[in-house]
Amino acid sequence: MNSFYISSIVALALNLVLGFSVYLMNPRRRANRYFLIASLAIATWLSCFALVPLAQSGESLIRLMRFSGVATAFLPVVFDLIRHSIVHEKENRQALLRSLIPWCFSVPAITAICLHPVFVRSVDMTRQGMPMPVYGPSQVLYALISVATVFLFSWRFIRDFRAATGIKRTELGFNVLAAAAFAVMSLTLAQVIPALTGNHHIQQFLPLCAVLYDGVLGYGIVTRRIMSVSDVLRRATAYLLITAYLVILYLVVYWPAAIVARDMGVATDLVPHLMAALAIAFSIAPAHGRMQRVANQLFISSQFMDTQKSIREAQSIMTSIGTMDDLLVRFGAFICEASGTDRAIVLLRQGNYY
């Protein structure tokens with residue numbers, strides 16, 4: 001088993017872990033459910049690569065390559081479902097189904113092309129044991145339809161991204177950036193470079209497309225609180241850290257105590273276990289606070305705020321002498337620094353409007 005198959009399995013595992021984690025942390029949210037569906041679609045695509053070593057004949061390899069092409073037909077659909085659920089979170093299912101009408105043409109077309117015998121004619125085995133597909137003339141039509149789906153998805157994204165604001169805009173941006181990176185990289189590695197240079201060995205890097213997709217979204221989750229799972233991840237990280245700390249502390253106390261007790265001729269392990277348990281009991285309270293702060297610092301966008309200090313500084317600003325505009329500018333800058341946000345707006349009421 002070479003590096004291509006190992007990377008396919010690793011990418012498959014990471015993709016499923018991220019997909020189910022996002023879903024289980026907020027299963028009621030529609031965007032999280034569609035994210036799981038997208039992860040399963042990518043997992044299906046990766047499975048076609050991971051199953052190549054199990055293929056018993058050239059015909060089996062050809063079928064796997066055709067199925068991988070079919071799997072890519074559904075990826076723009078699930079990416080668009082995520083986009084729609086973020087922008088129109090409260091719309092009914094009828095509106096969602098209407099948004100899928102354009103995909104009713106692309107998915108059957110790509111599926112028919114991939115399953116046709118002309119799409120993949122044969123398989124060429126390289127020196128490294130990598131099966132390289134020998135495409136037929138229908139590959140050009142497949143590439144054109146795939147590019148058209150990317151343009152359609154990009155147009156919908158630009159339209160919605162301009163109208164979105166706040167966390168919805170950030171969440172939409174990360175999801176579409178991940179989807180666009182996946183689409184561009186996969187098309188480049190699978191179609192563009194082989195067609196222009198004749199080098200099909202570049203296709204062994206296709207699993208990296210899924211890693212890039214998960215990496216972009218993972219970064220958005222931990223730094224910008226997208227997909228409504230940041231708080232859960234932060235708490236889980238804190239509990240994981242404190243568990244690791246307590247286990248290490250227990251072992252550090254128990255092992256030396258057990259060695260000393262053995263040298264003194266004590267036949268029971270009661271004393272070493274008791275000493276380790278006492279060490280944990282006295283350290284668990286301060287350790288919890290420290291690990292919580294460490295977990296907060298790991299999430300870049302999360303900033304610990306000293307409430308009393310912040311109130312004193314805010315009071316000092318608001319009671320200082322200066323014009324209203326100067327005070328508001330200083331207060332807004334203080335709020336941004338204290339909360340770790342990029343922007344703060346103060347609205348003043350004038351009559352019936354702000």
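The values are calculated or read from the model by the stated rules, or taken from the named source; none is laboratory data. These figures come from a predicted structure and were not determined experimentally. Counting neighbours? That spans all protein chains shown, and the Cβs are built from the backbone with ideal geometry, glycine included. The area values use the complete protein model at the heavy-atom level, side chains included, leaving out ligands, DNA and RNA. Shrake-Rupley method; radii C 1.70, N 1.55, O 1.52, S 1.80 Å.
Okay, here's what the table says:
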item	result
Candidates PHE35, PHE74, PHE67, filtered to the one that is in contact with a helix residue (DSSP H, G or I) (Cβ under 7 Å, 6 or more places away or on another chain) and over 15 Å from ALA179 (Cβ atoms)	PHE67
GLU59 open to solvent by 40 Å² or more (accessible area, probe 1.4 Å) and either in contact (Cβ under 8 Å) with a residue 12 or more places away in the chain or not in a helix (DSSP H, G or I) (or both)	no
Residues within the range 128-162 that are free of Cβ contacts under 8 Å to residues at least 60 places away in the same chain, surrounded by fewer than 18 Cβ atoms within 10 Å (Cβ to Cβ) and in a helix (DSSP H, G or I), tallied	15
Residues within the range 97-114 that are under 20 Å from LEU36 (Cα atoms) and either in contact (Cβ under 8 Å) with a residue 60 or more places away in the chain or crowded, with 16+ Cβ neighbours inside 10 Å (or both), tallied	3
Any hit, the range 73-88, residues being in contact with a Pro (Cβ under 6 Å, 6 or more places away or on another chain) and either open to solvent by 20 Å² or more (accessible area, probe 1.4 Å) or touching a residue at least 12 places away in the same chain (Cβ under 8 Å) (or both)	no
Matching residues in the range 82-101 - criterion: being out of contact with any Asp or Glu (no Cβ under 6 Å at 6 or more places or on another chain) and closer than 19 Å to THR165 by Cα	ILE82, ARG83, HIS84, SER85, HIS88, GLU89, LYS90, GLU91
Hits in the range 184-227 - residues which are under 23 Å from ASN32 (Cα atoms) and modelled with pLDDT under 85	GLY218, TYR219, GLY220, ILE221, VAL222, THR223, ARG224, ARG225, ILE226, MET227
Residue check, SER310 at pLDDT below 85, polar (S, T, N, Q) and out of contact with any helix residue (DSSP H, G or I) (no Cβ under 6 Å at 6 or more places or on another chain)	no
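Residues are listed down the side, and each one gets a yes or a no for (1) assigned to a loop (DSSP other than H, G, I, E, B); (2) touching a residue at least 40 places away in the same chain (Cβ under 8 Å); (3) buried (at least 17 other Cβ atoms within 10 Å of the Cβ):
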residue: ASN15; (1), (2), (3): no, yes, yes
residue: LEU18; (1), (2), (3): no, yes, yes
residue: SER21; (1), (2), (3): no, yes, yes
residue: ARG28; (1), (2), (3): yes, no, no
residue: LEU36; (1), (2), (3): no, no, yes
residue: TRP45; (1), (2), (3): no, yes, yes
residue: PHE49; (1), (2), (3): no, yes, yes
